[in-house]
């Protein structure tokens, strides 16, 4: 009798401790979520404040009683933001497609093909990740300028069609596929390209989707390289448009209009992430698993 009572008491205590642990976990997660989401809330809040209301706030207000959509209208009329959207879309889509082709072929070559010096070449290839990005930008700028490709889509796109990290990530995924499948396919007379297309790409689809989405985000948020390589408004991206709004779009620093432009520019990326977030998580977790 006492044994049953003691066991029941231990079980109740364990359940109580578990509830306390869950409560603490949810409180901490909620607190962290508020910290992470607050900048987005502040961005949207600022975008619906009038210019006069924003500048009259000596102490920033966490709400507004008179929201306005005028800032969104101003953002599209002060600068050709629609044109910048189109430029960014072209730059993002073309760069991502070319990068995926280069990444898939390079990862397949390093993962499955056998050629002299492959390991040394891959080691040297990985060593490129140690080079500071600033040095790469300077080299690319000089090369593109000397080739006469400034203020062109080719000049914008060409330096971004490869990524050492993405090739490494996809190579690791390709190597998780049993090599016996490749040998069996070769015995059946299957070409390397057909094996890649029919077997490896479908199996590694989550990782490839992850790489594509990360590249889209990278291109959409690109600022330094487009800023350096283009001074022609016909080739400006949305990142240039935001800076233009801040600098001279209104003859003054109109932060609410700039925030409105940032909200509009952020919407496609947020929607993209919400649609593919499960595949992104699956791809990242697969990439971190070996064997």
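Please treat every number below as a calculation from the coordinates, not as lab data. Just so we're clear, the structure is a prediction, and the values are computed from it rather than from any experiment. Glycine gets a Cβ as well: all are built from the backbone with ideal geometry, and neighbour counts include every protein chain shown.
Each residue, residue 181 and residue 19, gets one label point 7 Å from its Cα in the Cβ direction; the gap between the two is 4.9 nm. Let me know the shape class of region 65-181, please: from the alpha-carbon gyration tensor, a ≥ b ≥ c as square roots of the eigenvalues, rounded when a/c is under 1.5, otherwise prolate if a/b is greater than b/c, or oblate. The shape class here is prolate. Computed from the C-beta positions of residue 101 and residue 69, the FRET efficiency with R₀ = 35 Å rounds to 0.25. A simple packing score, the average count of other Cβ atoms within 10 Å per residue, orders the peptides 35-44, 109-118 as 109-118, 35-44, with the highest score first.
Ordered by the number of other Cβ atoms lying within 10 Å of each residue's own Cβ, fewest first, 197, 225 fall into the sequence 197, 225. Annotation for residue 145 and residue 33: the two label points, set 7 Å from Cα along the Cα-Cβ direction, are 4.9 nm apart. Computed extension gain for residue 50 through residue 164, at 0.36 nm per residue and net of the alpha carbon distance, reaches 36.5 nm. The protection proxy used here, the mean number of other Cβ atoms lying within 10 Å of each residue, ranks peptides 190-196, 149-155 as follows, highest first: 149-155, 190-196. Each peptide in 97-105, 122-130 was scored by the mean count of other Cβ atoms within 10 Å over its residues; highest first, the order is 97-105, 122-130. Sequence-distant contacts, meaning Cα pairs under 8 Å at least 6 residues apart, place the relative contact order of the chain at 30 percent. The computed semi-axes √(5λ) of the Cα gyration tensor in Å for the structure shown corresponds, within (i) 40, 39, 15; (ii) 27, 25, 20; (iii) 28, 26, 15, to (i).
Counting only DSSP H runs of at least 4 residues, each contributing -39500 (n - 2.57), and dividing by the residue count of the chain, the helix-based mean residue ellipticity at 222 nm comes to -24000 deg cm²/dmol.
Fully extending the segment from residue 26 to residue 137 would add 35.6 nm, taking 0.36 nm per residue of separation and subtracting the current Cα-Cα distance. For an R0 of 30 angstrom, estimate the FRET efficiency from the Cβ-Cβ distance between residue 41 and residue 82 and round to the nearest 0.05. Computed FRET efficiency for residue 41 and residue 82: 0.65. Here the calculated FRET efficiency for residue 113 and residue 209, from their Cβ-Cβ distance with R0 = 25 Å, stands at 0.55, rounded to the nearest 0.05. Approximating the spin labels as points 7 Å out from Cα along Cα→Cβ, the residue 224-to-residue 253 distance works out to 2.3 nm.
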